[in-house]
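Participant: Quick one: the structure is below, and I'll ask about it shortly.
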Amino acid sequence: MSEVDNGSCAVVIVAAGSGQRLGHGVPKARVPLGREPLLAHAVKGVLKAGIAAQICVAIPADDAELAEICRGLGAEAATAGVKFTVVDGGADRSASVAAALAEVADGTTTVMVHDAARPLTPSGVFNRVAAALRDGATAVIPALAVTDTIKTVQPANLPRTGAGLEKVVGTPSRDQLRAVQTPQGFDLATLRRAHENALTFDAETASRITDDAMLVEALGDEVYVVQGSTHSFKVTTPMDLLLAEAMLEGPLRPRWVEG
Ligand SMILES: Nc1ccn([C@@H]2O[C@H](COP(=O)(O)OP(=O)(O)OP(=O)(O)O)[C@@H](O)[C@H]2O)c(=O)n1
Ligand SMILES: C[C@](O)(CO)[C@H](O)COP(=O)(O)O
């Protein structure tokens with residue numbers, strides 16, 4: 001049972017990336033995972049969570065195959081009573097989110113932004129984000145504690161040969177570090193304001209933006225953190241896809257996969 005008023009929540013799924021690091025030669029959202037493309041898993045995960053009144057998907061412009069996949073997913077969403085909207089994505093992730101935000105239906109109060117590249121995200125994560133929004137957060141992200149030791153580095157040359165390497169300049173305390181995931185949840189007006197503010201960023205600042213929470217941080221607003229999930233990992237490299245395939249075949253198989 002969903003913990004939120006899904007009558008006012010839209011979920012934006014960004015699926016317009018090219019998937020260079022996965023290296024399949026087709027947009028990543030179309031790459032098969034088991035019997036279905038990554039995007040289908042992401043959409044079905046949202047439907048399973050039962051938190052959305054609308055799903056708005058950003059896909060690469062002129063991708064007829066993904067548009068066809070979206071027609072099938074739209075029919076499934078309609079059966080669940082969820083409005084399904086497809087928009088052309090932009091040149092980077094932020095632009096894809098902005099394009100989708102423009103199509104969010106009137107009356108929507110909260111929005112979650114989710115990566116199509118996180119196909120196995122459990123319902124519990126959507127529900128934790130939704131619960132924090134309901135409890136008054138205007139921005140909330142799921143995250144995990146980091147397990148590696150993280151160093152900050154800068155370019156350096158070896159003393160004898162001058163070979164170019166990097167050297168360590170610091171070791172931030174792991175207690176304060178978190179690895180951030182999606183879905184990231186927001187009050188809709190706040191996220192729209194954050195994206196409008198981002199239009200004033202210079203090119204270098206804009207190029208450092210990797211998630212929506214950073215845009216809300218730039219407004220000076222609080223961003224709250226809820227527990228993420230190891231199952232929500234992002235399919236970025238071929239090894240990630242292997243792990244996702246193994247999860248589909250094993251006891252960690254998500255409940256929306258038939259059979
Ligand atoms: N112009 C873009 C770039 C990325 N994304 C989406 O943002 C999410 C996270 O991006 P990432 O995993 O980096 O995907 P790609 O950009 O496709 O990967 P790569 O950097 O390897 O090309 C993905 O669901 C991707 O489809 C998007 O909608 N529009
Ligand atoms: C939004 C995100 O998935 C949070 O971890 C991540 O920042 C996306 O980064 P990418 O470089 O587009 O993969």
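Participant: Please work out if Val111 is assigned to a strand (DSSP E or B) and within 16 Å of ligand 1 (Cβ to nearest atom). Walk me through it before giving the result.
Facilitator: On the way: assigned to a strand (DSSP E or B): yes; within 16 Å of ligand 1 (Cβ to nearest atom): yes.
Here the answer is yes, as Val111 does meet what is asked.
Participant: Here is a further query. Can you confirm whether segment 204-213 contains a residue that is loosely packed, with under 12 Cβ neighbours inside 10 Å, within 15 Å of the chain's Cα centre (by Cα) and closer than 30 Å to Gly25 by Cβ? Don't jump to the end; show me each part of the working.
Facilitator: We begin by selecting, within segment 204-213, every residue loosely packed, with under 12 Cβ neighbours inside 10 Å; these are 204, 207-208, 210.
Of the ones still in play, those that are also within 15 Å of the chain's Cα centre (by Cα) are 210.
With the extra rule that they be closer than 30 Å to Gly25 by Cβ, the set shrinks to 210.
Yes, that holds for at least one residue.
Participant: Give the residue that is nearest to the chain's Cα centre (by Cα), with candidates limited to residues of segment 143-188 that are farther than 30 Å from Phe126 by Cα and part of a loop (DSSP other than H, G, I, E, B). Walk me through how you get there before you give the answer.
Facilitator: Within segment 143-188, the subset farther than 30 Å from Phe126 by Cα is 151-171.
Next, from what is left, pick out any that are part of a loop (DSSP other than H, G, I, E, B): 151, 158-163, 171.
Working: Lys151: 25, Leu158: 39, Pro159: 43, Arg160: 45, Thr161: 44, Gly162: 41, Ala163: 39, Thr171: 28 Å.
Among them, the one singled out is Lys151.
Participant: A further question on this structure: When segment 64-103 is examined, which residues are found to be crowded, with 19+ Cβ neighbours inside 10 Å and either of a type outside the set (A, V, I, L, M) or assigned to a loop (DSSP other than H, G, I, E, B) (or both)?
Facilitator: Cys70, Val82, Phe84, Gly89, Arg93, Ser94, Ser96
Participant: What number of residues within segment 52-80 are closer than 17 Å to Arg118 by Cα and among the β-branched types (Val, Ile, Thr)?
Facilitator: The number of residues fulfilling the criteria is 3.
Participant: Within segment 230-259, work out how many residues are in contact with a strand residue (DSSP E or B) (Cβ under 7 Å, 6 or more places away or on another chain) and not in a helix (DSSP H, G or I).
Facilitator: 1
Participant: When only residues in segment 20-30 that are free of Cβ contacts under 8 Å to residues at least 60 places away in the same chain and part of a loop (DSSP other than H, G, I, E, B) count, which is nearest to ligand 2 (Cβ to nearest atom)?
Facilitator: Within segment 20-30, the subset free of Cβ contacts under 8 Å to residues at least 60 places away in the same chain is 20, 24-27, 30.
Now restrict to residues that are part of a loop (DSSP other than H, G, I, E, B): 20, 24-27.
Working: Gln20: 10, His24: 16, Gly25: 18, Val26: 17, Pro27: 14 Å.
So the residue we want is Gln20.
Participant: Tell me which residues, restricted to segment 207-230, are more than 14 Å from Ala139 (Cα to Cα) and within 16 Å of ligand 1 (Cβ to nearest atom).
Facilitator: Ser207, Arg208, Ile209, Thr210, Gly228
Participant: Given the condition modelled with pLDDT of 95 or more, among the small types (Gly, Ala, Ser) and away from ligand 2 (no atom under 16 Å from the Cβ), answer yes or no: does some residue in segment 91-101 qualify?
Facilitator: Here is the first cut: in segment 91-101, the ones modelled with pLDDT of 95 or more are 91-101.
Still in the running and among the small types (Gly, Ala, Ser): 91, 94-96, 98-100.
From what is left, the residues that are away from ligand 2 (no atom under 16 Å from the Cβ) are none.
Scanning segment 91-101 turns up no residue that is modelled with pLDDT of 95 or more, among the small types (Gly, Ala, Ser) and away from ligand 2 (no atom under 16 Å from the Cβ).
Participant: Going by what's in this entry, would Ile55 be described as surrounded by 21 or more Cβ atoms within 10 Å (Cβ to Cβ), part of a loop (DSSP other than H, G, I, E, B) and more than 12 Å from ligand 1 (Cβ to nearest atom)? Lay out the reasoning, then the answer.
Facilitator: Values: surrounded by 21 or more Cβ atoms within 10 Å (Cβ to Cβ): yes; part of a loop (DSSP other than H, G, I, E, B): no; more than 12 Å from ligand 1 (Cβ to nearest atom): yes.
So Ile55 does not fit the description; no.
Participant: Let me ask something else about it. Filter segment 31-42 down to the residues that are in contact with a Gly (Cβ under 9 Å, 6 or more places away or on another chain) and more than 16 Å from ligand 2 (Cβ to nearest atom), then identify the one that is nearest to Met247 (Cα to Cα).
Facilitator: Arg35
Participant: Which of the residues that make up segment 184-211 are without any contact (Cβ under 8 Å) to a residue 12 or more places away in the chain and within 16 Å of ligand 2 (Cβ to nearest atom)?
Facilitator: Within segment 184-211, Thr205, Ser207, Arg208 meet the criteria.
Participant: How many residues does segment 169-178 hold that are farther than 16 Å from Glu217 by Cα and touching a strand residue (DSSP E or B) at 6+ places or on another chain (Cβ under 6 Å)?
Facilitator: Summing the residues that are farther than 16 Å from Glu217 by Cα and touching a strand residue (DSSP E or B) at 6+ places or on another chain (Cβ under 6 Å) in segment 169-178 gives 2.
Participant: Would it be correct to say that Gln181 is within 16 Å of ligand 1 (Cβ to nearest atom) and either closer than 26 Å to Gly220 by Cα or surrounded by fewer than 10 Cβ atoms within 10 Å (Cβ to Cβ) (or both)?
Facilitator: Details: within 16 Å of ligand 1 (Cβ to nearest atom): yes; either closer than 26 Å to Gly220 by Cα or surrounded by fewer than 10 Cβ atoms within 10 Å (Cβ to Cβ) (or both): yes.
For Gln181, the condition - within 16 Å of ligand 1 (Cβ to nearest atom) and either closer than 26 Å to Gly220 by Cα or surrounded by fewer than 10 Cβ atoms within 10 Å (Cβ to Cβ) (or both) - is met.
Participant: Can you say whether Thr121 is under 14 Å from Gln181 (Cβ atoms), of a type outside the set (A, V, I, L, M, F, W, C) and within 16 Å of ligand 2 (Cβ to nearest atom), as far as the supplied structure shows?
Facilitator: Values: under 14 Å from Gln181 (Cβ atoms): yes; of a type outside the set (A, V, I, L, M, F, W, C): yes; within 16 Å of ligand 2 (Cβ to nearest atom): yes.
Against the criterion (under 14 Å from Gln181 (Cβ atoms), of a type outside the set (A, V, I, L, M, F, W, C) and within 16 Å of ligand 2 (Cβ to nearest atom)), Thr121 qualifies.
Participant: Moving on to the next point. So, Ala198, is that one over 22 Å from Pro37 (Cα atoms), surrounded by fewer than 16 Cβ atoms within 10 Å (Cβ to Cβ) and among the aliphatic types (A, V, I, L, M) or not? Break it down into steps so the answer makes sense when it comes.
Facilitator: Values: over 22 Å from Pro37 (Cα atoms): yes; surrounded by fewer than 16 Cβ atoms within 10 Å (Cβ to Cβ): no; among the aliphatic types (A, V, I, L, M): yes.
No.
Participant: Being under 25 Å from Arg128 (Cβ atoms) and either among the small types (Gly, Ala, Ser) or part of a strand (DSSP E or B) (or both) is the filter here, so list the residues in segment 189-223 that pass it. So that I can check it myself, show each step before the final result.
Facilitator: Taking segment 189-223 as the starting set, the residues that turn out to be under 25 Å from Arg128 (Cβ atoms) are 189-195, 209-223.
If the condition is that a residue be under 25 Å from Arg128 (Cβ atoms) and either among the small types (Gly, Ala, Ser) or part of a strand (DSSP E or B) (or both), then Ala189, Ala194, Ala213, Ala218, Gly220 are the ones that fit.
The values are calculated or read from the model by the stated rules, or taken from the named source; none is laboratory data. These numbers come from a predicted model, not from an experiment. All Cβ positions, even for glycine, are placed from backbone atoms using ideal geometry, and neighbour counts span all protein chains on display.
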